[in-house]
Amino acid sequence: MASTMLARAILLALAAAPVVASAGTLDYTVYAGLEHSNNVALSSDRPLSENVLTPGATFQFLQQGSTLQANVAGTFEYRRYLENRFDSQTQTQLAGQLNWTIVPDRFDLAVEDYAGVQPVDQLASDSPDNQQQTNVLVIGPTWRMRFGGAARGQLELRYIDSYASKVDDFDSKRGLVAYRLYRDLGPTDQVSANVEYQHVNFNNQPSSADYDRKEAFVRYTSTLAHFDADVMVGATRLSFDQGGDSSAPLARLRIGWQPTPRNAFTLAGAYQYADAAQDIIAAPGTTGAGGLGSAADRVESLDPFANTGGLGRGAASGISVGSAVIGSQVYKERRLEASWNWRSERINLTVSPAFNKLRYRDDHTFDQTARGVSVGLGYRIRPTLTLSGFGTFEKLRYDTLDRRDTTVRLGLDLSQQWNRHWSWHASVARERRTSDAVGQSYRETQFFVGVVYRR
């Protein structure tokens, strides 16, 4: 089912592409890599050595036309375990947004699709047999209205379908209706008033688990040459079919500041009721949260080895495994992330601290608090040769289980650009987790070599 929904979204984009090919841009890479792990299953007492062949491809289609506006970025990867300790896997990661203007300034059709790889059981190590494909499809019409030169409104209807390949508690169908009233404060500033109503129906759970979500919030956005802001403040109310209501304030923000050509700061945070499907749509670092993104973001997303300094496992290959608790539960989320990037002719330094706290409404098993920081340092030895080092540290506490996990990952990556199209990468990474839970501590060393062809 996930592949069917994903195929429909891609086919829709491809069907529209020939009409706008002259205005849109399509970039892609094709890559192949060989990975060696001395503990591929991340076992505490029975390490298994494995070699993994990882051919794949990435693409990004960008279009800003009068009829079609689109930003679709994806990665497709095949993982072949050469020692046959695990079955081969085909994995997909996609963040796509497409808007088709049927009647200018009056009627649009919007399609969004978010596919990724998430854990089956977050309490277990991130081994190959603890991974699943997830997909969230959003589709529906938008009616637009104008009230003078500076004010306008829009009514949105959306159908949302979420699917996971192994955990069927995640599967749901949702209906969303929203009305938004916008007011331009100037060429770069805008304020809006928003009301949303959403009904959530789970496919494989009793109807008593279904609920309604009502939200009202004010949003302010500002886009300047060296500063941008997106701030939302409001409230959320949940009404469950089994009885009981929950209410909480709603706040989300993203601020970016570039005080000098070499320095850039970002700050993002949220205080909200959420669930796994909503977090996948608005995950930090995806087009779902940040719009079309910068040119640097688009280039990095096309290089499957560009994020070897990023958080989490799988950072040396094209697809990374997320950390969402895949299921139906609603939780209150408190999240704060920051990033500082400094660039010179030879050096690229990034420091990114993060904090996240989840409190579940019903089952408190997964109540958790996470704190972490990642540091990446790149040094350009020659114009075409770059050495990068990275380190990540995360401390995760499960309050109800009285469990603490501390994970440290360190690594080096050497890359060379042969010519305009071809490059190669070689990396080594060492990861260590210390856990209070029996059987969840492990050590692993990874070696990776790969080549990339970029269009």
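The values are calculated or read from the model by the stated rules, or taken from the named source; none is laboratory data. Please read these numbers as outputs of a predicted model, since none were measured by experiment. Don't worry about glycine lacking a Cβ; one is built from the backbone with ideal geometry, like all the others, and counts go over all protein chains shown. Please note that ligands, DNA and RNA were not included when accessible areas were found on the heavy atoms of the full protein model with its side chains. Shrake-Rupley method; radii C 1.70, N 1.55, O 1.52, S 1.80 Å.
When region 193-240 is filtered for residues that are within 15 Å of Gln278 (Cβ to Cβ) and touching a His at 6+ places or on another chain (Cβ under 9 Å), the ones remaining, listed by number, are Tyr211, Asp212, Arg213. Listed here are the strands (runs of 3 or more DSSP E) enclosed by region 117-187 that have at least 1 residues being closer than 23 Å to Phe76 by Cα: 131-147, 151-164. Residue pairs whose Cβ atoms lie under 7 Å apart, sitting 6 or more positions apart in sequence or on different chains, and linking a residue in region 326-353 that is free of Cβ contacts under 8 Å to residues at least 24 places away in the same chain to a partner that is among the β-branched types (Val, Ile, Thr) and open to solvent by 40 Å² or more (accessible area, probe 1.4 Å), are Pro353/Val373. Looking only at region 431-444, residues that are loosely packed, with under 15 Cβ neighbours inside 10 Å and assigned to a strand (DSSP E or B) come to 2 in all.
Residue-level analysis places Leu349 among those that are farther than 28 Å from Gln91 by Cβ, modelled with pLDDT under 95, assigned to a strand (DSSP E or B) and open to solvent by 30 Å² or more (accessible area, probe 1.4 Å).
Among the conditions (1) surrounded by 14 or more Cβ atoms within 10 Å (Cβ to Cβ); (2) in contact (Cβ under 8 Å) with a residue 40 or more places away in the chain, Arg455 misses just one, which is (1).
Since Thr90 meets every condition but one in (1) open to solvent by 50 Å² or more (accessible area, probe 1.4 Å); (2) of a type outside the set (A, V, I, L, M); (3) not in a strand (DSSP E or B), which condition does it not meet? The failed condition is (3). Residues in region 199-245 that are outside any strand (DSSP E or B) and either open to solvent by 30 Å² or more (accessible area, probe 1.4 Å) or under 30 Å from Phe265 (Cβ atoms) (or both): 13 in all.
For every residue, the table says whether it meets (1) surrounded by 17 or more Cβ atoms within 10 Å (Cβ to Cβ); (2) at pLDDT below 95.
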site	(1), (2)
Leu68	yes, yes
Asn71	yes, yes
Phe147	no, yes
Tyr159	no, no
Ser165	yes, yes
Asp168	no, yes
Val177	no, no
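Listed by first and then second residue, the pairs with beta-carbon distance under 7 Å, at least 6 apart or on different chains, first residue in region 61-87 and closer than 21 Å to Val40 by Cβ, second in a strand (DSSP E or B) and open to solvent by 40 Å² or more (accessible area, probe 1.4 Å), are Thr75/Gln93; Tyr78/Thr90; Arg80/Leu53; Leu82/Asn51; Leu82/Leu53; Glu83/Asn51.
Here Arg371 fulfils each of the conditions (1) modelled with pLDDT of 95 or more; (2) surrounded by 17 or more Cβ atoms within 10 Å (Cβ to Cβ); (3) closer than 23 Å to Trp340 by Cβ apart from (2).
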